[in-house]
Amino acid sequence: LRVPEDFSTPAEALAAARDRDRIVLPEMAFPGPLVINVAVDLQGAGSNKTIVECPAAEGSAITIGPKAKGARLTGIRFRHESFLAEGTDRFSTALVRGGGATFTDCHFTDASGHGLAVIEGGEAIANRCRFADNGWNGAAAIGKGCVLEVRDSESINNFEHGIESWDGAAS
């Protein structure tokens, strides 16, 4: 499935996608938030070329839902357009919520909260990724049953920690 050839936006392509479909995104910035509820392969043109972003107050730029076990995301930058420093609802730029995803060559930047957060029994692998300039941790796994594996990646200039897990999560 190609954006914009087959679908005007990534949200339209994701709404039509089925397990194991590949969605190809061009060099461009796309508005989020986006939600993945199937095990798709979301492929960007490179983390400095394909961007998914949204205002920090609107939530995570991308959320991997519980039905998306096995989603793969490659070559995309996830970011917030602005920084929201007030309150405790500071969202991550990418959220794995009970599903499972592998991120390869992705950047998680300028988050009001964590760059990447794994919650509600979610599982994530980050390979050759960059976590930078985020309001809390670069990447975090929170809660029993959550798993975060980070390989060959860097975490720099985050307000709190680079990579952290707590409340029974494993990283």
Per 0.36 nm of contour for each residue apart, how much would the distance between Ala11 and Phe159 grow if the chain were fully extended, relative to their Cα-Cα spacing?
50.2 nm
Gaussian network model of the chain, Cα within-10 Å springs - most flexible of Ser153, Ser92, Ser60
Ser153
Please give the calculated 222 nm ellipticity per residue for the chain, where each DSSP H segment of at least 4 residues contributes -39500 (n - 2.57) and the sum is spread over every residue; nearest 500 deg cm²/dmol?
-1000 deg cm²/dmol
Leaving out same-chain residues fewer than 8 places away, which lysines sit with a Cα under 30 Å from that of Lys49?
Lys67, Lys69
For segment 112-128, in residue order, the Karplus 3J(HN,Hα) values (coefficients 6.51, -1.76, 1.60; θ = phi - 60°; whole Hz; Gly and Pro = x) are 5, x, 6, x, 10, 10, 10, 9, 6, x, x, 9, 9, 10, 10, 10, 6
For the chain, which whole-number percentage of the solvent-accessible area (1.4 Å probe, protein heavy atoms only) is attributable to carbon and sulfur atoms?
47 percent
Quick one: check the C-alpha center-to-center distance for segment 100-118 versus segment 37-97, whole angstrom.
7 Å
With springs only between Cα atoms under 10 Å apart, run a GNM on the chain and tell me which of Asn158, Asn134, Asn48 wobbles the most.
Asn48
Summed side-chain charge close to Leu1 - residues other than Leu1 whose Cβ falls under 15 Å, Lys, Arg +1, Asp, Glu -1
-1
For a quick check: with amide H placed at 1.01 Å from N, whose amide H comes under 5 Å from Val96's, ignoring anything fewer than 5 positions away on the same chain?
Ile64, Ala117, Val118, Ile119
If contacts are Cα pairs under 8 angstrom and at least 6 residues apart, what is the relative contact order of the chain in percent?
14 percent
Between Asp133, Asp110, Asp19, where does the largest GNM mean-square fluctuation fall for the chain, given springs only between Cα atoms within less than 10 Å?
Asp19
Positive-pole candidate from Ile36, Ser8, Cys54, dipole of segment 1-94, charges at beta carbon:
Ile36
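The values are calculated or read from the model by the stated rules, or taken from the named source; none is laboratory data. It should be emphasised that the depicted structure is a prediction, and the values quoted were computed from it without experimental measurement. Note: ideal-geometry Cβ built from the backbone for every residue, glycine included; neighbour counts use all protein chains shown. With ligands, DNA and RNA removed, areas are computed over all heavy atoms of the protein, side chains included. Shrake-Rupley method; radii C 1.70, N 1.55, O 1.52, S 1.80 Å.
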